[in-house]
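Values in this text are rule-based calculations from the coordinates and carry no lab data. Not measured: the values here are computed from a predicted model. As a convention, Cβ positions derive from the backbone with ideal geometry for all residues, glycine included, and neighbour counts pool all protein chains shown.
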Amino acid sequence: MNKTSVTVFSTASGRHCPNCGMPLSDCACTKTSGTDAAQRKDDVIRVRREKQGRGGKTVTVIRNIPGASDETKRHAAALKKKLGSGGSEKNGVVEIQGDRVDAVINYFKNIGMKIKKDGG
């Protein structure tokens with residue numbers, strides 16, 4: 001076995017970190033790096049328009065809504081009602097059907113929350 005190879009999966013301990021070779025539960029790399037956008041959690045709500053992987057349909061995606069999941073569900077319901085549009089809330093991410101980025105930004109600014117347009 002080559003010393004430079006790193007174990008990726010072991011039946012004894014499951015998945016391993018590709019950087020340090022430790023089991024993911026014991027890995028310190030992901031806890032200290034914090035550069036991944038999905039791991040970034042701050043007090044600013046991020047909103048963006050997405051089209052890719054949705055059969056050509058455009059959706060407005062809202063991430064990092066502060067508070068518990070009940071708070072996220074409440075905002076999702078209020079946005080859908082205000083915009084007269086469908087949507088869903090799953091794992092803390094709200095998706096509103098259509099390109100409604102400006103309306104979503106106005107909604108959150110009117111209730112005094114920080115929000116930024118994410119992406120292009």
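Could you list the square roots of 5 times each eigenvalue of the Cα gyration tensor of region 45-117, that is, the equivalent ellipsoid semi-axes, sorted largest first and rounded to whole Å? Write down the numbers at each step before the final one.
Working: eigenvalues 64, 34, 28 Å².
Computed over region 45-117, the values are 18, 13, 12 Å.
Residues with beta-carbon under 14 Å from that of Arg74, excluding Arg74: net charge, scoring Lys, Arg +1 and Asp, Glu -1?
Here the charged neighbours net out to +1.
From the phi of every residue in region 89-95, what ³J(HN,Hα) in whole Hz does the Karplus formula 6.51 cos²θ - 1.76 cosθ + 1.60 yield, where θ is phi - 60° and glycine or proline is x?
Couplings: 10, 8, 6, x, 10, 9, 10 Hz.
Cut-off is 10 Å between beta-carbons; in what order do Ile65, Ile111 appear when sorted fewest neighbours first? Intermediate values should be presented prior to the final figure.
Numbers: Ile65 23, Ile111 10.
The most exposed by this proxy come first: Ile111, Ile65.
Please figure out what share of the DSSP beta bridges in region 45-117 is antiparallel and state it in percent, rounded to the nearest 5. Before the final figure, lay out the partial values.
Working: 13 of 16 bridges.
Of all bridge pairs located within region 45-117, approximately 80 percent are antiparallel.
Give a residue-ordered list of calculated ³J(HN,Hα) values for region 70-81 (Karplus: 6.51 cos²θ - 1.76 cosθ + 1.60, θ = phi - 60°; whole Hz; x for Gly, Pro).
Once rounded to whole Hz, the list reads 5, 5, 5, 5, 5, 5, 4, 5, 5, 5, 4, 5.
So between Lys117 and Ser25, what do we pick up on full extension, going 0.36 nm a residue minus the alpha carbon distance? It would help to have the intermediate numbers written out before the result.
Working: separation 92, 0.36 × 92 = 33.12 nm, distance 3.34 nm.
Value of the extension gain: 29.8 nm.
Out of residues 5 or more away from Gly98 or on other chains, whose amide H comes under 5 Å of its own, with H placed 1.01 Å from N in the peptide plane?
For Gly98, whose amide H was placed from the backbone, the distant partners under 5 Å are Thr58, Val59, Thr60.
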